[in-house]
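Novice: This is the structure, below, for whatever I ask next.
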Amino acid sequence: MKGIEGKILQLGKFYPIGGGVEKVMYDLMTGISERGIYCDMMCASADRNSMTVKINEYANLICTRTWTKKAATMISPEMIWKLRKICRNYDIIHVHHPDPMACMALFCSGYDGKVILHWHSDIQKQKTLLKLYEPLQNWLIRRADCIVGTTPVYLKESPFLKNVQEKTVCLPIGVEPVCKNYEKEEIIRKRYSGKKIVFSLGRLVHYKGFRYLIEAAKYLGNDYVVLIGGTGPLKNELQEQIFNEKLAGKVELLGRVSEDDLPGYYAACSVFCMSSVQKTEAFGIVQIEAMSCGKPVVATRIPDSGVSWVNADEESGINVMPEDAKGLADAIMKITSNDEVYTKYSEKSLKRFRTLFTKELMIEKCLKIYRYE
């Protein structure tokens with residue numbers, strides 16, 4: 001298949017975009033269609049309404065009506081019958097995992113064309129669901145003509161892909177560089193005047209490891225401030241930790257950071273820190289967003305995860321063991337120890353982004369996979 005004469009369908013997850021998987025799907029749809037190749041996206045509607053939105057001449061966003069959300073999965077029977085109705089319009093269906101609903105829809109569709117399986121992560125939390133879903137998941141792995149992973153580490157270490165390594169290929173996630181916003185940057189720098197800003201971003205949930213980042217602040221001097229953006233169920237618990245450890249003023253929970261404000265925080269920070277502690281964190285898109293701004297990254301060496309591959313140790317930043325607050329602090333201080341050291345990390349961070357993690361590179365490599373080159 002040397003050319004792409006027909007149409008492609010991105011299948012899975014939900015809309016509006018709420019996480020990394022949906023963002024990758026949407027970016028693939030827009031990036032591929034902007035090259036004059038037909039590429040639609042079908043997903044469950046997070047607000048439960050059925051709709052089709054024309055994105056451009058070559059792309060449609062097809063949202064199917066949902067009944068409810070269970071175990072992080074949108075239950076959308078409409079996806080099953082709608083895919084069955086239209087699947088033969090497509091030469092390639094690119095299904096994004098994990099999403100049992102999308103897998104079920106593909107299974108029931110009778111589709112006999114090319115299938116690309118995008119393995120974003122193993123199912124980690126929903127153990128009961130996995131027991132029920134595993135036979136269907138095994139069918140999908142067998143059915144796929146090619147299995148795409150975001151890092152070589154995750155592809156190699158996933159226990160579900162051990163016997164199909166010959167049809168796996170790495171497709172790193174790519175993003176547009178974060179646009180500069182000098183006005184926002186200046187406001188933030190003035191607000192924390194005289195401080196080295198350590199920025200982090202994510203849902204306030206256990207696997208993000210924010211409790212260890214907060215603890216790390218105890219080992220940092222008073223010329224540092226730790227800013228954590230995001231919302232989630234652990235907000236009160238983390239706020240209580242800040243109060244109990246007398247870190248008010250040194251650690252701040254920002255709440256939700258708007259799209260307008262986010263470039264300012266990336267630009268104003270000295271270091272971006274990703275303190276995640278479990279394999280649920282498979283890649284960490286926020287790392288490459290920070291790299292696009294030339295910011296060194298401190299991340300964690302989560303076993304079998306791709307996080308520490310994304311952040312190359314002693315190049316784009318430093319990786320430490322999970323749940324190691326002192327290690328996080330030591331890495332932050334090492335990177336910011338002097339201007340010469342900091343510049344080295346900063347330059348290599350930006351270089352790694354441009355070499356591996358741009359949206360343009362992701363689109364080009366994806367098209368090569370579709371062509372089976």
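Novice: If Gly284 satisfies all but one of (1) on the phi > 0 side of the Ramachandran plot; (2) over 17 Å from the mean Cα position of the chain (by Cα), what's the number of the condition it fails?
Specialist: Failed condition: (2).
Novice: When you look at Thr52, is it among the polar types (S, T, N, Q) and not in a strand (DSSP E or B), yes or no?
Specialist: So Thr52 does not fit the description; no.
Novice: Given the residues Val148, Val198, which is the only one that is farther than 24 Å from Tyr266 by Cβ, buried (at least 21 other Cβ atoms within 10 Å of the Cβ) and touching a residue at least 60 places away in the same chain (Cβ under 8 Å)?
Specialist: Testing whether each residue is farther than 24 Å from Tyr266 by Cβ, buried (at least 21 other Cβ atoms within 10 Å of the Cβ) and touching a residue at least 60 places away in the same chain (Cβ under 8 Å) leaves just Val148.
Novice: Go through region 276-300 and report how many residues are closer than 23 Å to Pro159 by Cα, of a type in the set (Ser, Thr, Tyr) and not in a strand (DSSP E or B).
Specialist: 2
Novice: Still on this model: Report yes if some residue within region 161-184 is on the phi > 0 side of the Ramachandran plot and small (Gly, Ala, Ser); otherwise report no.
Specialist: No, that holds for no residue.
Novice: Shifting gears a bit: Scan region 238-269 residue by residue and report those that are exposed (fewer than 14 other Cβ atoms within 10 Å of the Cβ) and farther than 28 Å from Leu350 by Cα.
Specialist: Residues satisfying the conditions are Glu240, Phe243, Asn244, Lys246, Ala248, Gly249.
Novice: Under 8 Å between Cβ atoms, which residue pairs at least 6 apart in sequence (or on different chains) link something in region 336-350 that is under 16 Å from Cys273 (Cα atoms) with a partner that is aromatic (Phe, Trp, Tyr) and not in a loop (DSSP other than H, G, I, E, B)?
Specialist: That search, which allows pairs on different chains as well, returns Thr336/Tyr342.
Novice: Kindly indicate whether any position in region 288-296 is in contact with a Gly (Cβ under 6 Å, 6 or more places away or on another chain) and within 26 Å of Tyr192 (Cα to Cα).
Specialist: Among the residues of region 288-296, at least one is in contact with a Gly (Cβ under 6 Å, 6 or more places away or on another chain) and within 26 Å of Tyr192 (Cα to Cα), which makes the answer yes.
Novice: Another question, if that's okay. Whether any residue in region 252-275 is on the phi > 0 side of the Ramachandran plot, at pLDDT 95 or above and assigned to a loop (DSSP other than H, G, I, E, B) is what I want to check.
Specialist: The answer is no; no qualifying residue exists.
Novice: Follow-up. Tally up the residues in region 202-230 that are under 13 Å from Lys326 (Cα atoms) and under 17 Å from the mean Cα position of the chain (by Cα), please.
Specialist: Number satisfying all stated conditions: 0.
Novice: Which pairs have Cβ atoms under 7 Å, sit 6 or more apart or on different chains, and link a residue in region 216-239 that is within 17 Å of Val286 (Cβ to Cβ) to one that is at pLDDT 95 or above and among the acidic types (Asp, Glu)?
Specialist: What qualifies is Leu227/Glu252.
Novice: Enumerate the helices (runs of 4 or more DSSP H) found wholly within region 301-366, keeping only those where 1 or more residues are surrounded by fewer than 16 Cβ atoms within 10 Å (Cβ to Cβ).
Specialist: Answer list for region 301-366: 325-335, 339-356.
Novice: Among (1) within 24 Å of His94 (Cβ to Cβ); (2) out of contact with any strand residue (DSSP E or B) (no Cβ under 6 Å at 6 or more places or on another chain), which single condition is Thr355 missing?
Specialist: Failed condition: (1).
Novice: Could you please tell me which pairs satisfy a Cβ distance under 8 Å, a separation of 6+ or placement on different chains, a first residue in region 256-274 that is charged (D, E, K, R), and a second residue that is outside any loop (DSSP other than H, G, I, E, B)?
Specialist: Qualifying pairs under 8 Å: Arg256/Gly229; Asp260/Lys184; Asp261/Lys184.
Novice: Going by the structure shown, is Val178 buried (at least 16 other Cβ atoms within 10 Å of the Cβ), touching a Pro at 6+ places or on another chain (Cβ under 8 Å), under 30 Å from Ala290 (Cβ atoms) and not aromatic (Phe, Trp, Tyr)?
Specialist: Against the criterion (buried (at least 16 other Cβ atoms within 10 Å of the Cβ), touching a Pro at 6+ places or on another chain (Cβ under 8 Å), under 30 Å from Ala290 (Cβ atoms) and not aromatic (Phe, Trp, Tyr)), Val178 qualifies.
The values are calculated or read from the model by the stated rules, or taken from the named source; none is laboratory data. Quick caveat: nothing in here was measured; it's all calculated off a predicted structure. Note that we place each Cβ from the backbone using ideal geometry, even for glycine, and neighbour counts take in every protein chain shown.
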